[in-house]
2 protein chains.
Amino acid sequence: MLHWLRRYRRAMLPGDVAAGVVVAMMMIPQGMAYALVAGLPPVVGIYASILPPVVYALFGSSMTQSVGPMAIVSLMTAAVIAPLAPAGSGLYSVLAAQLALVAGLVLLLCGLLRMGFLANFFSRPVMSGFTVGAAIVIAAGQVRTLLGAPFPHFHLPSALLGGASLLALVLAKRHLAGLLRRCGMRPSAADVAARLAPMLVVLAATALVPLLGLEAMGVRTTGDVPSGLPHLNLATSSAHWRALLQPGLLIGFVVFLMSMSSAQALALKRNEKLVSNHELIGLGAANVASMVSGGFPVTGSMSRSAVNFAAGARTPLASVIAAALLALSLTAPTGWLALLPLPTLAATIIVAVLGMLELDTLRTAWRYDRGDAAAWLATGAGVLALGVEAGVVVGVALSMGTLIWRASRPHIAVLGRIPGSEHFRNIERYPAETQPDMLMLRIDANLFFGNVEAVGERIEDEVRTHPGARHLVLVMTAVSSIDTSALFALEEWNLSLGRRGVTLHLAEVKGPVLDRLKQSDLLRQLGGPIFLSAAMACDALHAAAPGRP
Amino acid sequence: MLHWLRRYRRAMLPGDVAAGVVVAMMMIPQGMAYALVAGLPPVVGIYASILPPVVYALFGSSMTQSVGPMAIVSLMTAAVIAPLAPAGSGLYSVLAAQLALVAGLVLLLCGLLRMGFLANFFSRPVMSGFTVGAAIVIAAGQVRTLLGAPFPHFHLPSALLGGASLLALVLAKRHLAGLLRRCGMRPSAADVAARLAPMLVVLAATALVPLLGLEAMGVRTTGDVPSGLPHLNLATSSAHWRALLQPGLLIGFVVFLMSMSSAQALALKRNEKLVSNHELIGLGAANVASMVSGGFPVTGSMSRSAVNFAAGARTPLASVIAAALLALSLTAPTGWLALLPLPTLAATIIVAVLGMLELDTLRTAWRYDRGDAAAWLATGAGVLALGVEAGVVVGVALSMGTLIWRASRPHIAVLGRIPGSEHFRNIERYPAETQPDMLMLRIDANLFFGNVEAVGERIEDEVRTHPGARHLVLVMTAVSSIDTSALFALEEWNLSLGRRGVTLHLAEVKGPVLDRLKQSDLLRQLGGPIFLSAAMACDALHAAAPGRP
């Protein structure tokens, strides 16, 4: 906690201040836009950008993570709350904050139980497919606001403003940094300055509203944004705890996943150490803080954290400065924010999530591993067809499915002796010699419940196709662990082989595995020694074989 | 399909006939009892014991599996249907059959898609904890029927009859086989004959009902059992498809799990080959057949299959004979079955499920692997606290949880050279020498999404504690696969290390892994060669190091 403050050096301050200013300017349109995605009044998005990052700065482990509203988590919030409360009602806001509390408590609990390994339930391709699917859902949801009417209809002034905002944002994203560089700006400064385009476009569009009388033409705006800091919120709906429990679990999981993948990418860039259990606690505390300040579920945002990083943030002080600036902006007159046109906000959302549409992971997976590519596509399709919440479950199921499916086809090599040597190698890849009365199998995987059936089947097949075999030696060079299921399987294979006059032996068992096996009955049941090497097994068993020369 | 019939030899017939007779006699009380567990009229249990085993004989892969009603699946059926239809109603029966259809279609689909690996989603300890938890739930559910009133009340005549039946059954289970052996019966025959005790106890109790006028005293009996074969049933409730989908998936999964664990145990005993995809198809067809004959979800039963096996069954003909005998029994007068006292049936259920209360797995896991023991206990507790359906989900979550948790702590060894040799070994276990400018790490696990984070953290730690290292060599002897997530991680580690002036190298990459990596950009990015051995990596890198002698 606050370990970064104790090591703070004055040289870090300019970077942190610059990043704080940039992130605060990014946060105003982004926070308001994501609050709209969540179905909440825009100002709630700013509330959720003040206390949570400060609390995260106290407890989190990433130096440059920017915690606050985030597109996917906002979408999930809307999906959870919309069926429970009318849009715009007080209950809706209460439930959104309560959802942040549930997610926050779940995250805190997982952190205290040191369950950081939960982030490993999503494979990279599944994560990417999930993100792309969610980005499409979010962008599609904004088309109606952009056009001012349900597609394919449109409200001309809204659609023109929205379209122009979209065009300006896309052009700025593509060309602004290059332009600024050509104007002599330092490349890194140009990149950061270009990220302020949404703020500029929003300011310009807001200025156009009174100038052109757009409100009178029917262009919708954010409406009154209350001035002043958020009040302390402790309101909860006791009737809804149960309904929020499961969604809270899912959202907590997604908050953790999103934040970890963002923080990991940054930590790699600056060789920082990220502690997943601290991250759980930091995010949990941030979500509880979001509830207390009347917000909604928050997480680390990849795009915002990248800007924070690029703008020079060295420590979480940058986030604290950004939060202070946002708090200041709320105490200043906020009348102008009321005129912010919604089609422009929708355009900023669409452009932001278009940045999440990366297909590199799919392309790499397609070339490298079709199973992973299939998991990518299935997760994306799951999000589009069933929604983001179900998409999380589909993603976990597919990650686990590919894992167990792969485990169910372990690599097992039949070994033979390289003539004249002590080396035993895969007979399919080397000119190695086998003995008719002896089968040597090298199992190239840890033995666990996911592959014992497949290993057992392979042993059966080999024993059946080598009816002369009297000894079966399992060479365990690549086996680093044997779980309880596999222990039982070994005992059963030993019995079953024994009934057919085949003796089971183990060779090259690793130290830690052997230490563990000594806690079981297996070694006693095997009857023979554990051989230190395949060669020693071969020599000992042949010397013992009756009738051999 | 029917492959066993083509290789049928007359010598197999006596065993099959004997087993068929024994299983049929077991089936009558057992089928009726499990129908009661499922909340259905007792005769439905006999219906479900006729067509399903015959259809399984056509499509299944186990030679000695006895398919029919089974305690846990019956309990799940009751849990699913009870909230949807009043007990005893026509709708209840229709939905139970429809549930068998849904489960059957799910199983058929999984079989056609060759998804037999699904059985690997349950670890052995989780399966054992699940079974014990379910057995306790089932036994507790029968106490009321046994006592004739809700515990702690009791209806004296019912409780006396139930208690006496229980006592007789427990004594028979413990001592009958020994007694018969001492009377000169062959041990195997004595064991089988002892398994007919439930039938004898039921017959005796049924005889007592009219003799003592127990019905008039208020002892409940099964009531009229309609004579004749089941009618063709195609009735479904179109309003309930959606409600039955998810339970159908869960029940299909449990049907498959239960049947596989039973069939595997038997296949090991007789060295038969079990094909999990055929098993899915056989069970799927059997459940569709159960629906068509007005039954409910069925599966292979461990205890009944063991009796079938012990009584001499060599092929599925034994099951066909048992089914034919049951069909015959329904065409004979069934009036006597109406007098079968429910407390006695409850006693047979309790004694049957007490056989499922095995604690050996827990005991072994406790000694061998506390994590697996914890998973056992948590699954059992989950079944007791949340019910059997939720227990399945808890079981899968815990199996996957222990898997990912273990994966998140992979074994990684720092290697050094055994002085004067070409061998590189774990410096913690061997007196091996390291070089200050070179780090050698052997990763003892397949690289996949579940452990890349942990491996990355370990690499970070080692690089941080060895600031002089200029080369990091990952020795891949134990790595048999690298998934897409790990591929990305390797690329990122390479970049991140490169920024600090540390070069990443790979050594001893297995053939299949290397073939796969050639489909990616990684090898090009690494810049250096893949070393054939740790020794070659060490020599080459030292030769290349500037300023070395």
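Any read-out appearing in this document is the output of simple, stated calculations on the displayed coordinates, not a laboratory observation. On a predicted model such as this, the values are computed, not experimentally measured, just so you know. When we count neighbours, we look across all protein chains shown, and the Cβ atoms used for this are built from the backbone with ideal geometry, even at glycine.
Its residue count N fixes a reference of 2.2 N^0.38 Å for the stretch B:281-422, and the Cα radius of gyration divided by that reference is 1.66. Our coupling estimate for the stretch A:311-321, obtained by passing each phi through the Karplus curve with A = 6.51, B = -1.76, C = 1.60 and θ = phi - 60°, is 6, x, 4, 10, 9, x, 4, 4, 5, 5, 5 Hz, Gly and Pro reported as x. When both bridge partners sit in the stretch B:412-544, DSSP labels roughly 40% of those beta bridges antiparallel. Label-point spacing at A:Arg220 relative to the other copies reads 5.9 nm, in ascending order, each point sitting 7 Å out from Cα along Cα→Cβ.
In this label model, B:Leu212 and A:Arg144 are separated by 7.1 nm, measuring between points 7 Å along each Cα→Cβ vector.
Here B:Lys510 is the anchor, and the lysines within straight C-alpha reach of less than 25 Å, apart from those fewer than 8 places off in the same chain, are A:Lys510, B:Lys518. A cut-off of 5 Å between modelled amide H atoms, ignoring neighbours fewer than 5 places along the same chain, links A:Phe531 with A:Leu506, A:Ala507, A:Glu508. Evaluated on the protein assembly as shown, the Kirkwood hydrodynamic radius is 32.9 Å, with distances taken between all distinct Cα atoms.
Taking all Cα pairs closer than 8 Å and separated by 6 or more residues, the relative contact order of the stretch A:12-167 comes to 15 percent.
Around the amide H of B:Thr221, modelled in the peptide plane, lie the amide H atoms of B:Leu342, all under 5 Å away and 5 or more residues distant in sequence or on another chain. Amide H contacts for B:Met440 (H built 1.01 Å from N in the peptide plane; partners 5 or more residues away or on another chain; cut-off under 5 Å): B:Leu415, B:Val473. Across the stretch A:160-310, Cα pairs under 8 Å and at least six residues apart give a relative contact order of 24 percent.
Beta bridges assigned by DSSP with both partners in the protein assembly as shown are antiparallel in approximately 50 percent of cases.
The value obtained for the stretch A:378-489, namely the Cα convex hull volume divided by the number of residues, is 135 Å³ per residue. Within the stretch A:75-219, all pairs of alpha-carbon atoms sorted by distance into 10 Å bins from zero give the percentages 9, 20, 29, 28, 13, 2. Take A:Tyr8, move 7 Å from Cα toward the beta carbon, and the resulting point lies 8.7 nm from the same point in each other copy, nearest first. Show log10 I(q)/I(0) for the stretch A:473-549 at q = 0.11, 0.24, 0.25, 0.26 Å⁻¹, two decimals, from a solvent-free Debye sum over equal Cα scatterers. Debye curve over Cα of the stretch A:473-549, log10 I(q)/I(0) at q = 0.11, 0.24, 0.25, 0.26 Å⁻¹: -0.29, -1.24, -1.32, -1.39. Sorted from shortest to longest, the distances between the B:Leu171 label points of this copy and the other copies are 9.8 nm, with each point 7 Å from Cα along the line through the beta carbon. Note on chain A: antiparallel DSSP beta bridges, both residues inside, total approximately 50 percent of the bridges counted. Each residue of the stretch B:2-15 was assigned a 3J(HN,Hα) from its phi angle through the Karplus curve 6.51 cos²θ - 1.76 cosθ + 1.60 (θ = phi - 60°); the sequence is 6, 4, 5, 6, 5, 9, 6, 10, 4, 4, 7, 5, x, x Hz, with glycine and proline shown as x.
Nearest 0.05, what FRET efficiency do A:Ala239 and B:Leu249 give at R0 = 22 Å with Cβ-Cβ as r? The calculated FRET efficiency here is 0.10. When peptides B:99-105, A:517-523, B:469-475, A:244-250 are ranked by their average number of other Cβ atoms within 10 Å per residue, the highest-first order is B:99-105, B:469-475, A:244-250, A:517-523.
Chain A has equivalent-ellipsoid semi-axes of 59, 23, 23 Å, by the square roots of 5 times the alpha carbon gyration tensor eigenvalues, sorted largest first.
Over every pair of different alpha-carbon atoms in the stretch B:229-329, take the mean of 1/r and invert it; report that Kirkwood radius in Å. For the stretch B:229-329, inverting the mean 1/r across all distinct Cα pairs yields 15.2 Å. Summary value for chain B: 23 percent relative contact order, contacts being C-alpha pairs under 8 angstrom separated by 6+ residues. FRET efficiency for the pair B:Glu457 and B:Leu113, taken as 1/(1 + (r/R0)^6) with r the Cβ-Cβ distance and R0 = 51 Å, rounds to 0.85.
With a 10 Å cut-off around each Cβ of A:440-452, the average count of Cβ atoms from other chains is 5. Among the GluC sites (Glu not before Pro) in the stretch B:388-452, those located in a DSSP loop and surrounded by at most 14 other Cβ atoms within 10 Å of their own Cβ are B:Glu422, B:Glu428. Packing here is the average count of other Cβ atoms within 10 Å per residue, and on that basis the peptides A:380-386, A:192-198, highest first, run A:192-198, A:380-386.
Past the 14 angstrom mark, what percentage of all C-alpha to C-alpha distances in the stretch A:277-345 do you count? Value for the stretch A:277-345 (Cα pairs over 14 Å): 75 percent. Listed peptides A:141-148, B:458-465 appear in the order A:141-148, B:458-465 once ranked by packing, highest mean of other Cβ atoms within 10 Å at the front.
Geometric descriptor of the stretch A:412-544, per residue, is 99 Å³ (volume of the convex hull of the Cα atoms).
Here the Karplus relation 6.51 cos²θ - 1.76 cosθ + 1.60, evaluated at θ = phi - 60°, turns the backbone of the stretch B:420-430 into coupling constants of x, 10, 9, 8, 10, 9, 3, 5, 7, 10, 10 Hz, with x for every Gly and Pro. Remark: the A:Leu384-A:Leu2 segment gains 133.4 nm on full extension, using 0.36 nm per residue and subtracting the alpha carbon distance. Label reach from A:Val21 (point 7 Å along Cα→C-beta): in the stretch A:302-318, no amide nitrogen lies under 12 Å.
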